[in-house]
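*Asks:* Here's a structure for you.
The values are calculated or read from the model by the stated rules, or taken from the named source; none is laboratory data. From a predicted model like this one, the values you see are computed outputs, not experimental measurements. So basically every Cβ, Gly included, is an ideal-geometry build from the backbone, and we count neighbours across all protein chains shown. Calculation scope for accessible area: heavy atoms of the full protein, side chains included, ligands and nucleic acids excluded. Shrake-Rupley method; radii C 1.70, N 1.55, O 1.52, S 1.80 Å.
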Amino acid sequence: MRMDKTTAKKIQIIQQLTAYVIEHGLADIGLRKLAAVAGASDRMLIYYFETKDALIGEVLHAIASNLAAQLDAVL
């Protein structure tokens, strides 16, 4: 199955931000900082995710899913 460009870009952004959040945490992180990390503008992040909260939610969901997969592999 082929993924559309919007979905592919969202996945790329989530992966980049997931790595950043794991390393640096969420304290004092703004939309402009998230955009810089993702290599996008803050307006593009809003276009893809609608709100900063939705973006952070998806990043946290990705982190939780990755941790659950790692735990399943170990157990």
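*Asks:* Across region 61-75, which residue is nearest to the chain's Cα centre (by Cα) among those that are closer than 22 Å to Y48 by Cα and free of Cβ contacts under 8 Å to residues at least 12 places away in the same chain?
*Replies:* Here is the first cut: in region 61-75, the residues closer than 22 Å to Y48 by Cα are 61-66.
Next, only the ones that are free of Cβ contacts under 8 Å to residues at least 12 places away in the same chain stay: 61, 64-65.
Working: H61: 9, A64: 12, S65: 12 Å.
It comes out as H61.
*Asks:* Hey, another quick one. When region 55-75 is examined, which residues are found to be of a type in the set (D, E, K, R) and either within 15 Å of T18 (Cα to Cα) or surrounded by 10 or more Cβ atoms within 10 Å (Cβ to Cβ) (or both)?
*Replies:* E58
One line per residue, one yes/no per condition, for (1) modelled with pLDDT under 95; (2) outside any helix (DSSP H, G or I):
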site: M3; (1), (2): yes, yes
site: L55; (1), (2): no, no
site: A62; (1), (2): no, no
site: D72; (1), (2): yes, no
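*Asks:* Also: Which residues, taken from region 43-53, are part of a helix (DSSP H, G or I), free of Cβ contacts under 8 Å to residues at least 12 places away in the same chain and hydroxyl-bearing (S, T, Y)? Steps first, answer last, please.
*Replies:* Step one: of region 43-53, the residues part of a helix (DSSP H, G or I) are 43-49, 52-53.
Pick out the ones that are also free of Cβ contacts under 8 Å to residues at least 12 places away in the same chain and you get 43-44, 47, 53.
Passing the criteria: only Y47.
*Asks:* Pick out the one residue from A27, A8, A40 that is among the aliphatic types (A, V, I, L, M) and either in a helix (DSSP H, G or I) or at positive phi (or both).
*Replies:* Checking each option against the conditions leaves just A8.
*Asks:* With the requirement that a residue be hydrophobic (A, V, I, L, M, F, W, C) and either open to solvent by 30 Å² or more (accessible area, probe 1.4 Å) or over 21 Å from A8 (Cβ atoms) (or both), what does region 24-48 give you?
*Replies:* L26, A27, I29, L31, A36, V37, M44, I46
*Asks:* Condition check: open to solvent by 60 Å² or more (accessible area, probe 1.4 Å), within 11 Å of the chain's Cα centre (by Cα) and more than 23 Å from D4 (Cβ to Cβ). Does K52 satisfy that?
*Replies:* In short, yes.
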